[in-house]
Amino acid sequence: MKIEIVNYSPSWPKEFESEKLLLQNKLGPIVDAIHHIGSTSVEGLAAKPIIDIILEAKSLELLDKSELIFKSLGHEAMGEFGIPGRRYYRKGGDNRTHQIHAFKTGDKNVHRHLVFRDYMKTHSEVRRVSKPQV
């Protein structure tokens, strides 16, 4: 997979919201919360143009039983993919557009990702807001 860093796009929050709505409509009561994380969630930050999502689920077993739903939305289920207690889904193949990191509600990894995102959003001095070096 080719990784490209691009300037911030104001379409990223909209892309997240569209995917969030699809996930909520298809997964319904399985999902407690869906969060936009990663570089694309930080306004003004150059990033790889892949929407990172944290999904908090009532049960990992229910997520595992929902693999066909994810597939119908274009996501490939990858299991834990190296992180115990996570379910990882990716969309777009070699031209990836979205990644979902799903955890049981309350998992420490959810908190870790949200705190990092919020830190980056509120501390402009630690992020570089300029054109990427190519």
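Out of the residues in the stretch 1-24 that are outside any strand (DSSP E or B) and of a type in the set (V, I, T), state the one that is farthest from A102 (Cα to Cα).
Pass one, the stretch 1-24, residues outside any strand (DSSP E or B): 1-5, 7-24.
Those still in the list that are of a type in the set (V, I, T) too: 3, 5.
Working: I3: 23, I5: 24 Å.
Of everything passing the filter in the stretch 1-24, I5 is farthest from A102 (Cα to Cα).
Considering only the stretch 76-96, how many residues are of a type in the set (G, A, S) and surrounded by 13 or more Cβ atoms within 10 Å (Cβ to Cβ)?
Filtering the stretch 76-96 down to residues of a type in the set (G, A, S) leaves 77, 79, 82, 85, 92-93.
The next check asks that each one be surrounded by 13 or more Cβ atoms within 10 Å (Cβ to Cβ); those that pass are 77, 92.
Summing the residues that are of a type in the set (G, A, S) and surrounded by 13 or more Cβ atoms within 10 Å (Cβ to Cβ) in the stretch 76-96 gives 2.
Among (1) of a type in the set (D, E); (2) more than 17 Å from H111 (Cα to Cα); (3) surrounded by 16 or more Cβ atoms within 10 Å (Cβ to Cβ), where does D64 come up short?
(3)
Yes or no: the stretch 5-15 includes at least one residue that is of a type in the set (A, V, I, L, M) and closer than 19 Å to K104 by Cα. Reasoning before the result, please.
At the first step, the residues of the stretch 5-15 found to be of a type in the set (A, V, I, L, M) are 5-6.
Filter once more, keeping what is closer than 19 Å to K104 by Cα: none.
Checking the stretch 5-15: not a single residue is of a type in the set (A, V, I, L, M) and closer than 19 Å to K104 by Cα.
Assuming V31 fulfils every condition listed in (1) loosely packed, with under 14 Cβ neighbours inside 10 Å; (2) under 15 Å from the mean Cα position of the chain (by Cα) apart from one, which condition is it?
(1)
Evaluate the following for I69: is it touching a helix residue (DSSP H, G or I) at 6+ places or on another chain (Cβ under 7 Å) and farther than 17 Å from A33 by Cβ? I'd like the intermediate steps shown before the answer.
Details: touching a helix residue (DSSP H, G or I) at 6+ places or on another chain (Cβ under 7 Å): yes; farther than 17 Å from A33 by Cβ: yes.
So I69 fits the description; yes.
Each reported figure results from applying straightforward, stated rules to the coordinates on display, with no laboratory input. Please read these numbers as outputs of a predicted model, since none were measured by experiment. Note that each Cβ is placed from the backbone with ideal geometry, even for glycine, and that neighbours are counted across all protein chains shown.
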